[in-house]
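J.: I'd like to ask some things about the structure below.
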Amino acid sequence: MTTTTLRTALKGILRLVAAGAVALGCGSQLCWAADITIVQVAPLTGVLASTGQQMVLGGKIYFDYINATGGIHGAKIKHEVLDDGYKVEETVRLTKEALYRPEVIALFGFAGTANVGKLLADGILDVGGAPLVAPYTGGEVLRSPFNPYIFHVRAGYADETEHIVKQVATLGMSRIAVMYQNDAFGKAGLAGVEAAVAKRKMKLVVAAPYERNTDEVGDAVRQIKDSDAQAVIMISVNRSTAAFASQYRDAGGGGQLYNISVVNPDELVKLAGLKAVHGLGISQVVPYPYMANKPVVREYQKLLAQYGAGQAINYTSFEEFLGAKVLVEGLRRAGPNPTRARLVKALDSMGNFDLGGSMVGYSANNRIGSRYVEVTVIGGSGKLMR
């Protein structure tokens, strides 16, 4: 091949590459649509394993759909999932390792007030500069003081407990007890109940803790049973909630039971039996996913059937599905080959974004996307009722 022929061939190749770059939205610059790597650290083992699996599922079905329909600006989402076992030190280690990798653009759907709180306390998110979208926690310590790197999709525990206490007071119940996990998560919920009770010039009859990563709730059962509480608000995860409900009812406790949105009613029925949890009220921070009366619910149900490998409808997976939609919209707005900083700025621009009948909104000084709360009840069939 002559020099002239070689030069002509190379020009032809460069024209093809440039054309591909323009198709990807890169203008006349050369670029390639590399995978967009996001990392989800979730509790796939331990006491919160069933919750963690649903968290991962909710993101996965939407990311799979996006990849199957062309990706984002031609790039596919690479959704990496790491198991922290709900252990704070593992969350810290895995997050540090992820943020050291320049290809990781975002963090998604972590769990645990104490876990994410430690990332804040150690300055890990600030140094890393990647946004954490849709953490599965409503702890106020993650919301105030303001942190620019956490984008909440859900209402906070203070919003949930205010709603529950308001309902309890409306029903004429004044003797309120709390059973809470003895860590940042449980104390955040307890503080919310205390504030809501004080607002109505009432006092808690007892606040009984249990230890994190256990279901040893016997002392709490005894204290609350002896207090003759009319309503018991639990700030606890699935196993400890089920253990408390079962033991409390067996001991003759007759108070109305409530919990916040972190529990799975199907898991509670499985662990404690329907008799123990029938009538238990659960606050929810996303719309009811079992009735297809909103476009986003219909979309979730369709993609769950298509990509969910037979998994059932679940509040937790629906919440993280909404979070995945927020993250994908942010990535779209960030443009081709997004950086961490451009993604943060793009998420900032979502001032009043409609996910399909469910709204979220962010700005340069607001990271709380929604304050939606309603209370559901485990009915006689074991299913949630509004």
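The values are calculated or read from the model by the stated rules, or taken from the named source; none is laboratory data. Owing to the predicted nature of the structure, the values given are computational and were not obtained by experimental measurement. Positions of Cβ are generated from backbone atoms using ideal geometry, with glycine treated the same way; all protein chains shown enter the neighbour counts.
J.: Does G112 satisfy being at pLDDT below 95 and out of contact with any His (no Cβ under 9 Å at 6 or more places or on another chain)?
T.: Yes.
J.: Related question: Within the stretch 160-187, how many residues are at pLDDT 95 or above, surrounded by fewer than 22 Cβ atoms within 10 Å (Cβ to Cβ) and acidic (D, E)?
T.: So the count comes out to 1.
J.: Further question: Select from the stretch 93-121 the residues that are hydroxyl-bearing (S, T, Y) and surrounded by 20 or more Cβ atoms within 10 Å (Cβ to Cβ) and write down the one among them that is farthest from D83 (Cα to Cα). Before you say what the answer is, go through the steps one by one.
T.: First pass over the stretch 93-121, keeping only residues hydroxyl-bearing (S, T, Y): 95, 100, 113.
After this cut, where a residue has to be surrounded by 20 or more Cβ atoms within 10 Å (Cβ to Cβ) as well, the list is 95, 113.
Numbers: T95: 11, T113: 16 Å.
For the stretch 93-121, the residue satisfying everything is T113.
J.: Applying the selection to the stretch 188-209, what residues are surrounded by fewer than 21 Cβ atoms within 10 Å (Cβ to Cβ) and touching a residue at least 40 places away in the same chain (Cβ under 8 Å)?
T.: Hit for the stretch 188-209 is A191, nothing else.
J.: Inside the stretch 342-370, can you point out the residues that are part of a loop (DSSP other than H, G, I, E, B) and either under 19 Å from the mean Cα position of the chain (by Cα) or at positive phi (or both)?
T.: Matches in the stretch 342-370: M350, L355, G356, G357, S358, G361, Y362, R367, G369, S370.
J.: Step by step: first the residues of the stretch 214-234, then only those that are touching a Phe, Trp or Tyr at 6+ places or on another chain (Cβ under 7 Å) and among the small types (G, A, S), then the one that is nearest to G255 (Cα to Cα). Which residue is that?
T.: Once the filter is applied, the top-ranked residue is A231.
J.: How about the stretch 224-242: which of its residues are under 21 Å from A188 (Cα atoms), out of contact with any Lys or Arg (no Cβ under 9 Å at 6 or more places or on another chain) and surrounded by fewer than 24 Cβ atoms within 10 Å (Cβ to Cβ)?
T.: Selection gives R239 alone.
J.: Regarding the stretch 114-121, can at least one residue be identified that is basic (K, R) and within 22 Å of Y157 (Cβ to Cβ)?
T.: Yes: one or more hits.
J.: If you go through the stretch 143-175, how many residues are among the aliphatic types (A, V, I, L, M), in contact (Cβ under 8 Å) with a residue 60 or more places away in the chain and assigned to a helix (DSSP H, G or I)?
T.: Of the residues in that region, 3 qualify.
J.: Consider the stretch 302-341. How many of its residues are part of a helix (DSSP H, G or I) and either more than 18 Å from the chain's Cα centre (by Cα) or outside the structural domain of F353 (by TED's automatic domain parsing) (or both)?
T.: So in the stretch 302-341, the residues part of a helix (DSSP H, G or I) come out as 302-307, 315-334, 340-341.
From what's left, either more than 18 Å from the chain's Cα centre (by Cα) or outside the structural domain of F353 (by TED's automatic domain parsing) (or both): 302-303, 305-307, 331-334, 340-341.
Of the residues in the stretch 302-341, 11 are part of a helix (DSSP H, G or I) and either more than 18 Å from the chain's Cα centre (by Cα) or outside the structural domain of F353 (by TED's automatic domain parsing) (or both).
J.: Identify the single condition in (1) in the same structural domain as K76 (by TED's automatic domain parsing); (2) touching a strand residue (DSSP E or B) at 6+ places or on another chain (Cβ under 8 Å); (3) in contact (Cβ under 8 Å) with a residue 12 or more places away in the chain that N352 does not satisfy, given that it satisfies every other one.
T.: Every condition holds for N352 apart from (3).
J.: Criterion first (charged (D, E, K, R), assigned by TED's automatic domain parsing to the domain that holds F146, within 24 Å of Y307 (Cβ to Cβ) and in contact with an Asp or Glu (Cβ under 8 Å, 6 or more places away or on another chain)) does K76 satisfy it? First the steps, then the outcome.
T.: On the way: charged (D, E, K, R): yes; assigned by TED's automatic domain parsing to the domain that holds F146: yes; within 24 Å of Y307 (Cβ to Cβ): yes; in contact with an Asp or Glu (Cβ under 8 Å, 6 or more places away or on another chain): yes.
Spelling it out, K76 is indeed charged (D, E, K, R), assigned by TED's automatic domain parsing to the domain that holds F146, within 24 Å of Y307 (Cβ to Cβ) and in contact with an Asp or Glu (Cβ under 8 Å, 6 or more places away or on another chain).
J.: Now for a separate question. Inspect all residues belonging to the stretch 196-204 and state whether any of them is assigned to a helix (DSSP H, G or I) and under 28 Å from M359 (Cα atoms).
T.: Yes: one or more hits.
J.: Taking the condition of being over 24 Å from Q54 (Cβ atoms), assigned to a helix (DSSP H, G or I) and basic (K, R), how many residues in the stretch 82-101 meet it?
T.: Count: 1.
J.: Can we say G46 is assigned to a loop (DSSP other than H, G, I, E, B), modelled with pLDDT under 95, in the same structural domain as F318 (by TED's automatic domain parsing) and closer than 24 Å to Q181 by Cβ? It would help to see each step written out before you state the result.
T.: On the way: assigned to a loop (DSSP other than H, G, I, E, B): yes; modelled with pLDDT under 95: yes; in the same structural domain as F318 (by TED's automatic domain parsing): yes; closer than 24 Å to Q181 by Cβ: yes.
It is true that G46 is assigned to a loop (DSSP other than H, G, I, E, B), modelled with pLDDT under 95, in the same structural domain as F318 (by TED's automatic domain parsing) and closer than 24 Å to Q181 by Cβ.
J.: In this structure, does T69 turn out to be of a type outside the set (A, V, I, L, M), farther than 20 Å from Y307 by Cα and modelled with pLDDT of 95 or more?
T.: So T69 does not fit the description; no.
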